[in-house]
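Everything below concerns the one structure shown next.
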Amino acid sequence: MKEWLRSIPAVHELQNHGTFLSLLEESNLDHTQLTKQLKEVVDHIRDAIINDKWTGSVPGTNHFIEDLFLMLKANLKKQFSYTIEKVINATGTILHTNLGRARLSENAINHVVETARNYSNLEYKLNEGERGSRHSHVEALIKEITGAEAAMVVNNNASAVYLVLRAFAKNKEVIVSRGQLVEIGGSFRISSIMEESGASLIEVGTTNKTHLYDYEKAVTPETAIVMKVHTSNFKVIGFTKSVETEELIDLTQKLDDVIFYEDLGSGALYDFRRHGIGEEPVVKEVIEMGADVITFSGDKLLGGPQAGIIAGKKEIIDLLKKHQLARVVRVDKMTLAALEGTLIDYARGENAIRNIPTVRDLLVSINELDERSRVFVANLLQKTNSYQVNIVPDSSQVGGGTMPDVVLPTKVIALKHDSLTAVQLSRKLRTESKPAIIARIQKDEYIIDLRTVTPEEENHILDSLIHVNLERI
């Protein structure tokens, strides 16, 4: 062991090696940074030898130097590679939270790139030559699409809920049905957000039944808000009763200084009910009913970036814009650009809306999925005989805590490999394919749902299946 340790070249000798000098030029690192990385590799090798864990070439040989610099290259690649990387979502779950939820439209992407690359009029009025507001860039579009008097955008819907409650119900009461005290992702609960805002939660009704008289009885001089939370991530069925939005609006309009606030969560700007998909309320309908203020997400059914959108009566939105916390939860120029690019498609009407991947993937027909699957399978079997393949009926999920009771009929490709189990195939396509392919495993079959896959991605999956590496199983 001592002989091996003595045989490891000194760092200053390795710095003069041709491979080090080449890496210095290729890596775009300065000499100090690359030397630091080199020292870490040498220290790692020393520790491995001391602990009898070194499995590389014998120190003092040319092969050892090659191994050392291969380790250095691997370390550089690992340290300076992006950890957020593209993956192919072949699960069929459209708003897959683990995979980043909504994909942006091409219009939104191009607008983000242009905005990021250049200076912009984020807070500047070009015609007047004076300072402007970042809210103005999307407010007009939200007003046009939803019919709201005013609107603003914050960094996510939880922030939107918090800001509304903090601004209008701090040290006051908010009446909510027990059946609507939802928990959203990451164990964040409406009741907890309400507590943090300084509002007092007044629960009415029961888990499965709440009546209008429950709200009426709960109203006191301290009541600031009657709140309805759309249960977009679960559904209670059976012996149930809830109070409709119109009834709660009528109630608050009879009261002095009480706001009706509805948290719509998923934020549908398009009426998917027309296609028999779910029962999600459309934002515009709730505004037209007379809601004082509503909040909803940007990266769910809307199909845009993560954002919390607040829309409603002008006097309410104006107060929220001036609130001190508005700066804490404000969005940056890239989010606004992505949202503006998405909203413009909604403003252009039915044809343009289908440019938004979330909407398009929700509305794709089972016949189209069946045809695409058949072409995919034919191409696969033409190039390899390593698989048993079937096209079978299945269902896709909307995901993202939206439309929990909706089943989207689909056709999936079910594969069995001659040499690999479904788990092994999944691991290989997830870790060895670039971009990684994420699909489902059902029983002993590898399941691909093309609903969430683009034509370009189909080709990559096909190529990866044909050339799957069997050397390391």
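The values are calculated or read from the model by the stated rules, or taken from the named source; none is laboratory data. Every value quoted in this text rests on a predicted model; they were computed, and no experiment measured them. In this analysis, Cβ positions are derived from the backbone assuming ideal geometry, glycine residues included, and neighbour counts consider all displayed protein chains. With ligands, DNA and RNA removed, areas are computed over all heavy atoms of the protein, side chains included. Shrake-Rupley method; radii C 1.70, N 1.55, O 1.52, S 1.80 Å.
When the Cα atoms of the stretch 1-116 are aligned to their principal axes, the ranges along those axes come out at 62, 31, 19 Å in descending order. For the chain, the normalised intensity computed at q = 0.06, 0.08, 0.12 Å⁻¹ comes to -0.40, -0.66, -1.08 (log10 of I(q)/I(0), Debye sum over alpha carbons, equal scatterers, no solvent).
Among beta bridges identified by DSSP and lying wholly in the chain, the antiparallel ones come to about 55 percent. Computed over protein heavy atoms with a 1.4 Å probe, the carbon and sulfur contribution to the accessible area of the stretch 264-329 reaches 47%.
Taking every alpha-carbon pair within the stretch 287-353, the share separated by more than 15 Å comes to 62 percent. Entry comment: accessible area of the chain is 52 Å² per residue, from protein heavy atoms only and a probe of 1.4 Å.
In the stretch 288-421, the ratio of gyration radius to Kirkwood radius, Rg to Rh, stands at 1.15 when only Cα atoms are counted. The equivalent ellipsoid of the stretch 7-59 has semi-axes of 23, 11, 9 Å, largest first, where each one is the square root of 5 times an eigenvalue of the Cα gyration tensor.
If you average the alpha carbon positions of the stretch 197-215 and of the stretch 51-72, how far apart do those two centres end up, in angstrom? Measuring centre to centre over Cα atoms gives 68 Å. Cβ-Cβ distance of residue 323 and residue 31, R₀ of 56 Å, FRET efficiency by 1/(1 + (r/R0)^6): the value works out to about 0.65.
Amide H contacts under 5 Å for residue 268: 283, restricted to partners 5 or more places along the chain or on a different chain, H placed in the peptide plane at 1.01 Å from N. Here the ratio of the Cα radius of gyration of the stretch 89-174 to 2.2 N^0.38 Å is 1.46.
From most to least packed by mean Cβ count within 10 Å, the peptides 272-283, 163-174, 80-91 give 163-174, 272-283, 80-91. Count the DSSP beta bridges whose two residues both fall in the stretch 55-204, then state the antiparallel fraction as a percent rounded to the nearest 5. Looking only at bridges with both residues in the stretch 55-204, the antiparallel portion is about 45 percent. Rolling a 1.4 Å probe over the protein heavy atoms of the stretch 42-188, with every protein chain left in place, gives an accessible area that is 48 percent carbon and sulfur. Using C-alpha pairs below 8 Å separated by at least 6 residues, the relative contact order for the chain is 19 percent. The antiparallel fraction among DSSP beta bridges confined to the stretch 217-345 stands at about 35%. With the largest listed first and rounded to whole Å, the semi-axes of the equivalent ellipsoid of the stretch 245-321 from the Cα gyration tensor are 23, 17, 8.
Can you give the Kirkwood hydrodynamic radius for the stretch 192-347, in Å, rounded to one decimal and based on Cα pairs? Show your work: numbers first, answer last.
On the way: mean 1/r = 0.0580 Å⁻¹.
Taking every pair of different Cα atoms in the stretch 192-347, averaging 1/r and inverting gives 17.2 Å.
Centroid-to-centroid, using Cα positions, the stretch 364-402 and the stretch 138-154 are 39 Å apart.
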